[in-house]
Amino acid sequence: MLQYQLVLLAKIARWLDSRARRTGRSAFEGDDMARVQDVAVGLEINAAAPHNGRPPAVASLPDQRQGWLLVLGLAVVLCILFGTTLNTLGLFTLPITTALHCSNEQAAHLATAFIFSMTLAMPVAGWLLDRIAPRPVMTAGAVMAAVGYLLAAESPDIDRLTLAMALSGAGVGASTYVPAITLATRWIAPSRQGLAFGLLLAGAALGAVIFPVLLTQGIAAFGWRSAMQAIAGLILLACVPLLLWLARMPEAGSAAHHAPADPLPGQDIGQALRTPGYWWWIAMQMLLTLSSLGVFIALVPCLVSAGYSAQQAAACYAAVGAATLVGNFLFGALSNRWGARNILLVGTTLGTAGILCLLAASDPVMGLAAVVFFCLTWGTSFNLVNQLAPLLLVEAMGPRSFGSLLGIGNLIAGLGSAFSPQGVGHLVDTTHSYSLPLLLCAALAAAALLPIALQHRRS
């Protein structure tokens with residue numbers, strides 16, 4: 001009887017589709033109709049498959065209220081962890097070069113070490129989350145991030161400071177992006193995961209609005225070492241308790257008679273690594289991350305060299321964060337209608353134009369307008385790759401090995417792009433100008449348009 005009902009539901013869904021094509025309209029639109037068809041096919045296959053005398057297992061979604069509470073809590077964690085660390089690394093460049101008497105390239109080693117270790121930690125976190133509970137992984141990562149900043153605040157030279165920042169970066173990698181995105185895919189219904197990813201990244205963007213100005217004032221008033229100690233204290237007092245409370249996987253669905261769950265659809269790790277589309281996805285990530293990190297870490301010293309004050313440069317940092325917050329929701333909503341690939345193409349084009357406008361920041365007539373245009377265009381679009389790349393990945397490869405594939409992709413792309421701040425610092429020391437580094441960052445973003453265009457859904 002149950003098999004008959006499932007087949008009937010599949011036929012009803014297909015009848016609705018055929019009726020919609022005849023009338024030219026339907027109660028289901030776009031992606032909604034595609035999801036109904038996918039569910040119908042899955043139900044029909046489940047009904048037709050043998051179950052060894054057991055009723056077929058019926059999958060159920062986790063409690064969505066708990067899922068959205070987890071997403072909001074993780075957004076706060078990303079706000080603090082990203083907002084006080086990755087999003088403010090550029091603020092420490094000038095005071096550290098002054099205090100430790102080092103070059104721009106040596107100071108850029110801090111960002112390189114942080115991003116490099118953060119990137120290495122991401123696939124490890126993804127691999128662990130496929131096997132053990134997320135609470136110990138993410139909580140330990142947050143503690144490592146705080147300890148790294150405490151050690152950095154006491155470092156007497158640039159070498160030990162670099163090692164401390166590498167420790168902190170590993171902690172941030174283990175407790176933020178990959179684990180948070182993975183948990184969202186496990187808790188939130190597939191049709192709402194784009195919104196969940198947007199909320200998570202909006203938390204990180206909000207941190208980029210709040211903390212640059214606060215830390216700039218704190219560094220000016222108390223020094224960069226005290227600012228790092230304050231960052232460590234905030235992580236320990238806010239992020240660690242939140243992760244201890246929220247970081248958990250949903251309980252396994254109670255299938256009838258406790259039948260074993262069918263494996264998730266999609267490609268396993270070996271199949272994905274042999275697929276050209278996965279490597280195009282990684283190339284897309286690497287090119288965009290190379291470009292965005294080079295601009296983001298160098299933004300404050302670039303504006304200061306163009307004649308702006310440290311406070312004005314920090315205000316530009318905050319404006320970029322505010323624009324990112326708007327872009328996460330605006331482009332996230334548009335991606336539901338026109339697709340993640342198309343929106344990422346548009347956003348990357350806008351971001352490239354914004355980088356080119358930053359070249360005119362020192363112009364006495366057009367400089368301010370150029371900076372405002374940069375904040376609006378680049379700010380709203382540079383973080384889209386982090387929001388839309390997971391959607392493109394799950395569309396192309398399926399959810400079976402999503403955590404591991406996301407971690408591997410971030411590892412390969414991140415290792416290549418981690419040296420972007422150091423490369424920018426070297427070019428600035430060599431040419432005594434930010435023009436060539438900005439042109440190269442714009443070229444990298446433009447080159448990413450090809451692998452973006454080659455992204456396709458899994459058939």
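What to note about this one:
- Hydrodynamic radius by Kirkwood, which averages 1/r over all alpha carbon pairs of the range 176-238, in angstrom: 13.7 Å
- With the convex hull drawn around the C-alpha atoms of the range 62-114, the volume per residue stands at 70 Å³.
- Three-way shape label, the range 325-406, alpha-carbon gyration tensor, a/c 1.5: prolate
- Å³ per residue enclosed by the Cα convex hull of the range 48-200: 130 Å³
- Reduced Cα scattering model of the range 125-182, Debye log10 I(q)/I(0), q = 0.25 Å⁻¹: -0.85
- Approximate spin-label separation Asn342-Leu244, in nm, with each point projected 7 Å along Cα-to-Cβ: 4.8 nm
- Distance between the 7 Å Cα→Cβ label points at Asp157 and Leu368: 4.6 nm.
- Within the full protein context, the accessible area of Arg186 is estimated at about 100 Å² for a probe radius of 1.4 Å.
- Per-selection Kirkwood Rh - the range 342-459 (Cα, Å, 1 d.p.): 15.9 Å
- A 1.4 Å probe run over the protein chains yields, for the range 345-393, 37 Å² of accessible area per residue, whole-number rounding.
- √(5λ) per eigenvalue of the Cα gyration tensor, the range 361-422, largest first, Å: 35, 16, 5
- Placing pseudo-labels 7 Å out from each Cα toward the beta carbon at Trp279 and Leu415 gives an inter-label distance of 1.5 nm.
- In order through the range 221-233: 3J(HN,Hα) via Karplus (6.51 cos²θ - 1.76 cosθ + 1.60), integer Hz, x for Gly, Pro: 8, 10, x, 6, 5, 5, 4, 5, 5, 5, 4, 4, x
- Rg and Dmax of the range 276-365, based on Cα coordinates, read 15.4, 48 Å.
- Rounded to whole Hz, the Karplus (6.51, -1.76, 1.60) HN-Hα couplings of the range 326-331, x for glycine and proline: 5, x, 4, 7, 5, 6
- Globularity index of the range 417-459 is 1.60 (Cα radius of gyration / 2.2 N^0.38 Å, N = number of residues).
- The Ala220 and Asp268 beta-carbon pair, evaluated with R₀ = 60 Å, returns a calculated FRET efficiency of approximately 0.70.
The values are calculated or read from the model by the stated rules, or taken from the named source; none is laboratory data. Note that the structure is predicted; figures quoted are calculated from it, not measured. Reconstructed Cβ throughout: ideal geometry from the backbone, glycine too, with neighbour counts over all protein chains shown. Side chains are part of the model used for accessible areas, which takes the heavy atoms of the whole protein and leaves out ligands, DNA and RNA. Shrake-Rupley method; radii C 1.70, N 1.55, O 1.52, S 1.80 Å.
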